[in-house]
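Read the structure below first, then the notes.
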Amino acid sequence: MRGLPVLSVSLAVVLIVASSAPAAAELRISTLSVYLNDMDVTVQVAVLGAIPPSFTESIKSGIPSHVRFTVELWRYRRMWPDKLLLSETIERQLVYNVLTKEFKVASLSGETREPYTSRELRDAQRVLSDLRGLKLLAASQLKPSELFYVRVRAETALSGNNTFLTRLSGEAEETPWTLSSLMTASRTQ
């Protein structure tokens, strides 16, 4: 019986923290396009809400913001669990330099690109939240008759920490998985 008051106090603390957390950033994937040409499977993703309003003050004081894309290629198998063919993680960081008053978007993992700098937060957010031309797999590695699909999830977090507690406090957000339609590597006319 002594554990009951501790449990009720713990529940009350969790409810108070959850109710005082800032509103959700409404991070969502607005566009997922998968292209299959003669050479490879290419993915393009656009995310809305990559920099929630609650992040703006922290970013302008020098705390970096991270966006992480997880892109997976799956083979659809009827009557069996689907098979993961490939998983790619792309992570980008947005840092504000207080001295030069510039925003810098840099790729941390999964891609090689030059850092992008801008004096406008809006321009930096556009570069941070658009994933264009990600080549997943050579088309020759797919069997022409099999069905496949791509699924994507995006995360945003201050200082790159995306945990249960940071999501609860409003310092991190993540989207649910977004799936493309089923496709085949064969061309039909």
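Using 0.36 nm per residue of separation minus the Cα-Cα distance, give me the extension gain between residue 109 and residue 89 in nm, one decimal. Could the numbers behind the result be given before it?
On the way: separation 20, 0.36 × 20 = 7.20 nm, distance 0.73 nm.
Taking 0.36 nm per residue and subtracting the Cα distance, the gain is 6.5 nm.
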Options 134, 80, 62, ranked by Cα towards positive dipole end of segment 24-184, top entry (Cβ charges): 80
Relative to the present Cα-Cα distance, how much length would full extension add between residue 143 and residue 97 at 0.36 nm per residue of separation? 11.7 nm
Distance from the Cα centre of segment 57-92 to that of segment 115-162, in angstrom? 8
Of the GluC sites (Glu not before Pro) in segment 82-189, those whose Cβ has at most 16 other Cβ within 10 Å and which sit in DSSP loop: 111, 120, 146
Under 12 Å from residue 101, Cα to Cα: aspartates and glutamates that are on another chain or at least 8 residues apart: 120
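Can you pull out the trypsin sites (Lys or Arg not before Pro) in segment 87-157 that DSSP calls coil and that have at most 14 other Cβ atoms within 10 Å?
101, 113, 119
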Would you mind calculating the relative contact order of segment 24-184 from Cα pairs under 8 angstrom and at least 6 residues apart, reporting the percent as a whole number? 29
With a ≥ b ≥ c taken as the square roots of the eigenvalues of the C-alpha gyration tensor of segment 24-184, please select rounded if a/c is under 1.5 and otherwise prolate if a/b is larger than b/c or oblate if it is not? prolate
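Just so you know, all these numbers are worked out from the coordinates, no wet-lab data involved. Being a predicted model, the structure only gives us computed values, none of them experimental. Backbone-built Cβ (ideal geometry, glycine too); neighbour counts: all protein chains shown.
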